[in-house]
Amino acid sequence: MKILITGGTGLIGTALSKALHRMGHDIAILTRKPNDQLDVKTYYWDPDNDEIDVAAFEDLDCIIHLAGANIAERRWTKKRKQEIYSSRVESAQFLYRKIKELKIPIKSFISSSAIGWYGAITSDDIYTEQAPCANDFLGKLSKQWELAADQFADMGCAVSKVRTGIVLSSEGGALPKMTKPIIWSQGAPLGSGKQYMPWIHIDDLCAIYIHLVEGVLPAGVYNGVAPESVTNEDLTKILAQVLEKPLWMPNIPSWALYMLLGKMSSLLLNGSRVSADKLCQNGFEFKYSEIRKAIASIIDTDR
Ligand SMILES: NC(=O)c1ccc[n+]([C@@H]2O[C@H](COP(=O)([O-])OP(=O)(O)OC[C@H]3O[C@@H](n4cnc5c(N)ncnc54)[C@H](OP(=O)(O)O)[C@@H]3O)[C@@H](O)[C@H]2O)c1
């Protein structure tokens, strides 16, 4: 199958494109910086300026949309929020217009979305895919992101969306950032520490995308999170145990994180449980359903 991946150079895209390539799929990546050093073909696009190398669409069966300016990299200024929005939503709308204009008969469009759909809220609720989107920045962003994907259904294409939790990988993302202070014996829970941190191992996330590409999972919206829930405090303690480091510092106060990160601190300070039931009911088997096993697999690899 020929699969085009936007954001295929990122944390998830790199792992996913390698996995799909190993399985024998024909992989192409859309990137703002094409590079002939990769195992898979890369094609230029610049969605901000409506530019794309349409050779990427040749014999195409499926698009996986992962592109997006990093949500946790910089403070959420007005300009940064617009970048976060346009790199996900407007880029998908641009692809839709091009695919429609050139009458490319793709069979499926699979987009990343995020658990931000459910809002930066700490509560006892466990969110399933039926829950409405929250009325905050990430909730509204996720809604527009998913609506942009849904447009592809007009052309008879199967549309899926993966509301992804915190991706655990040794190659980047949240985990190396969390382990760094712990390695220096300066680790501590954030804020109350009671906020949940819905997570998923990178291998399981790639498996979800592969199952959607291959039709093993029916098209639709899925929470891309592992079944076991963990709070920030639990995760901090587990990391300290696995790394054999002491945890002696008091919790980092919420106000200090707010001073440092502004509104982006809500990403770290709030979170509720998100249900993995729909994936399980559809027969998806997690390789890493427990946090300790997931962490051990990643940290062992690093040592
Ligand atoms: N990692 C997580 O924990 C996590 C959790 C929930 C949701 N997600 C979502 O999953 C998707 C992939 O995540 P990731 O962790 O792999 O992200 P990543 O490592 O930051 O990579 C994202 C990719 O998007 C492209 N990109 C960045 N800024 C862009 C812009 N302004 N315009 C167009 N393309 C841009 C880049 O590709 P080029 O530079 O090659 O163009 C980059 O490789 C993202 O949409 C993210 O929000 C990730």
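The values are calculated or read from the model by the stated rules, or taken from the named source; none is laboratory data. Only a predicted model underlies this, so the values are computations on that prediction, with no experimental measurement involved. For neighbour counting, all protein chains shown are included, and Cβ atoms are generated from backbone atoms with ideal geometry for every residue, glycine included. To get the accessible areas, we keep the full protein, side chains included, count just its heavy atoms, and leave off ligands, DNA and RNA. Shrake-Rupley method; radii C 1.70, N 1.55, O 1.52, S 1.80 Å.
If the chain linking residue 107 and residue 180 were pulled fully straight, counting 0.36 nm for each residue of separation and taking away their Cα-Cα distance, it would gain 22.0 nm. Taking every alpha-carbon pair under 8 Å whose residues sit at least 6 apart, region 71-190 reaches a relative contact order of 27 percent. Remark: spin-label model distance residue 50-residue 23 equals 3.6 nm, labels positioned 7 Å along the Cα→Cβ axis. By the helix-only formula, in which each DSSP H run with n ≥ 4 contributes -39500 (n - 2.57) and the sum is divided by residues, the chain has a 222 nm mean residue ellipticity of -10500 deg cm²/dmol.
Cross-linked pairs 177/293; 107/278; 180/245; 79/177; 33/161: Cα-Cα separations exceed 21 Å for 107/278; 79/177; 33/161. Close amide H contacts of residue 160 (hydrogens built in the peptide plane, cut-off under 5 Å, sequence separation of 5 or more or a different chain): 109, 110, 111, 220. Rounded to whole numbers, the Karplus 3J(HN,Hα) couplings from phi for region 183-192 are 4, 7, 6, 10, x, 6, x, 9, x, 6 Hz, using 6.51 cos²θ - 1.76 cosθ + 1.60 with θ = phi - 60°, and x at Gly and Pro. In this structure, the amide hydrogen of residue 8, modeled 1.01 Å from its nitrogen in the peptide plane, lies closer than 5 angstrom to those of 30, counting only residues at least 5 positions away or on a different chain. Amide H to amide H, with H built 1.01 Å from N, residue 166 comes under 5 Å of 199, 200, counting only residues 5 or more places away or on other chains. Residue by residue, region 75-80 carries 3J(HN,Hα) couplings of 4, 7, 6, 4, 5, 5 Hz when phi is fed to the Karplus relation 6.51 cos²θ - 1.76 cosθ + 1.60 (θ = phi - 60°); x denotes Gly or Pro. For region 96-139, the fraction of 1.4 Å probe accessible surface lying on carbon and sulfur atoms is 58 percent. With θ taken as phi - 60° and the Karplus curve 6.51 cos²θ - 1.76 cosθ + 1.60 applied, the whole-hertz 3J(HN,Hα) list for region 238-250 is 5, 4, 5, 5, 5, 7, 6, 10, x, 10, 10, 6, x Hz, x standing for glycine and proline. Per residue, the accessible area of region 97-179 comes to 45 Å² when a 1.4 Å probe rolls over the protein heavy atoms. Potential lengthening of the chain between residue 125 and residue 299 amounts to 59.6 nm, from the contour at 0.36 nm per residue minus the alpha-carbon distance. If the segment from residue 287 to residue 256 were pulled out straight at 0.36 nm per residue, it would be longer than the present Cα-Cα gap by 7.5 nm.
Within the straight-line cut-off of under 19 Å between alpha carbons, the aspartates and glutamates reachable from residue 100 are 46, 48, 50, 51, 53, 58, 59, 61, 90, 146, 150, 154, sequence neighbours fewer than 8 places apart in one chain being disregarded.
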